[in-house]
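The values are calculated or read from the model by the stated rules, or taken from the named source; none is laboratory data. Predicted model only: the values in this text are computed from it and were never measured. Here the Cβ is made from the backbone with ideal geometry for all residues, glycine too, and neighbour counts use every protein chain on show. We work out accessible area using only protein heavy atoms, side chains counted, and drop any ligands, DNA or RNA first. Shrake-Rupley method; radii C 1.70, N 1.55, O 1.52, S 1.80 Å.
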Amino acid sequence: MKTKLSKCFTLVAILVVAISANSQSLTIGNFTSLKVDKGIIYVAGQSGIAALKPDLTVLWEKQLPETSIRLIEAKDGLIAYSNYVYQGRKGQLFSSFSSLWDKVTYTDDMLGVLDINGNEKWSSTFNGASKISFPAIGDGIVTVMSNDSLYIFDLASGALQSKTYNSMKFLVGKSVKDHATPNQPLIANNAIYTASPFKFSKIDLNGKILKQKDMYGIFSQLPIMTVAPILFQNQIFLANCPVGQRGQKDGVARLFSIKENLDKDWDEFVDANGNSGSGASSLTHNNSTLFVATNFDVMAFTIKGKKVWENKKDIGLPLLRGVRYSGLMGVKTSNGNFLCADENAVYIAGGKKVKKDFVQNITVLDAATGKLVKTIDVDAVIVDMALLDNALVFINEANKVMVINK
């Protein structure tokens, strides 16, 4: 039986109503990230941040120092931003065997906070020498991850309160972790949870490590966590990118349900047939169901870990979504969010090959069954996505903000 959503699209020819704003009307440089909070769209660019109404009327723009990537979070009337500058890449001794041996250099790591009107409260530079995650705003603090450490700043003053090394210590091949895309910290249960290369950590609000995990048994490892942990119905969830051989248990991506004390509640395979070799790259939920995506697969689970559905045939892989491999090591392509869900549908950045061209699209799946509802073609690579009430918002490499009424 078709769901109400499928019936709606079957019986009525719905026109996709879209409005857009582009770089000609915003002066914040190339767009790099997107957030929606309390009906306001916040867009970060290489040279600033803008706030827009749902009809894309510009509320304000704030010019900031030029950077390579700027990431934003909006919460409780504040906009936190993190940014870094990509300096370059240089091959090393073992680079011919794996690109992850290349040395990459990042500079000018910065964290800052704006008020709801775009006025800067403070900004602080720090020597992370790394890619930086989306910031996370908590009670009196704002935190950010580098590829090996958690930084905690005072929310009011911007003073650095602590730096906590929370990654695996490399004896050789230290440059490998520099390629990782850091995950946003999760502030929950009066603590901070971080998924860094090879370590899942619970850290108190002062930066003290309370507990760490790197595996839950010989065939249930946490090697490279390529999605940020999320909180859903008071349970913590995270997903990984394994380093084992394809087709083996230690080479299968998993979704983990974690208790507050970091003990495991359950875990389940999350790639097609359990052996596609593709790491998890996106994780979200609606009011009742978890959704996790790998490069070519989307799965739905109940809060107890029962698989609801799996779609492994309708999902194409666009440029910035997913995990890319160097040998058996996987790296998340970008910080962007490419998976959104409400009670009716799941939206994922996808695509399909038409003749010799790859056409970017938003792939819409029925949230209850996982069946394809429709695809919406877009004219440029999607950079970031978010839900806005009854609309889907995304930014793309053509420097457009698109609002699509569902």
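Here is how the numbers come out for the structure above:
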item	result
Hey, Phe153 without any contact (Cβ under 8 Å) to a residue 60 or more places away in the chain and more than 24 Å from Gly279 (Cβ to Cβ) or not	yes
In the range 184-196, the residues that are over 19 Å from Thr284 (Cβ atoms) and either of a type in the set (Gly, Ala, Ser) or open to solvent by 20 Å² or more (accessible area, probe 1.4 Å) (or both)	Asn189, Asn190, Ala191, Ser196
Residues of the range 177-202 satisfying the condition of being within 13 Å of Asp214 (Cβ to Cβ) and among the small types (Gly, Ala, Ser)	Ala195, Ser196, Ser201
Whichever residue in the range 41-53 is in a strand (DSSP E or B) and out of contact with any Lys or Arg (no Cβ under 8 Å at 6 or more places or on another chain) and, among such residues, is surrounded by the most Cβ atoms within 10 Å (Cβ to Cβ)	Val43
Residue that is modelled with the lowest pLDDT [pool: residues in the range 211-235 that are open to solvent by less than 30 Å² (accessible area, probe 1.4 Å) and farther than 11 Å from Leu283 by Cβ]	Ser220
Qualifying residues in the range 102-127 (those that are of a type in the set (A, V, I, L, M) and more than 14 Å from Asp178 (Cα to Cα)) - the one most open to solvent (accessible area, probe 1.4 Å)	Ile116
Test: residue in the range 240-255 that is among the polar types (S, T, N, Q), closer than 21 Å to Ala300 by Cα and touching a residue at least 60 places away in the same chain (Cβ under 8 Å)	no
Test: residue in the range 269-277 that is open to solvent by 40 Å² or more (accessible area, probe 1.4 Å) and at pLDDT 95 or above	no
Residue list for the range 54-81, filter: of a type in the set (A, V, I, L, M, F, W, C) and either in contact (Cβ under 8 Å) with a residue 60 or more places away in the chain or open to solvent by 50 Å² or more (accessible area, probe 1.4 Å) (or both)	Leu56, Val58, Leu59, Ile69, Leu71, Ile72, Leu78, Ala80
Qualifying residue in the range 174-182 (condition: touching a residue at least 24 places away in the same chain (Cβ under 8 Å), in contact with a strand residue (DSSP E or B) (Cβ under 6 Å, 6 or more places away or on another chain), open to solvent by 20 Å² or more (accessible area, probe 1.4 Å) and over 25 Å from Lys103 (Cα atoms))	no
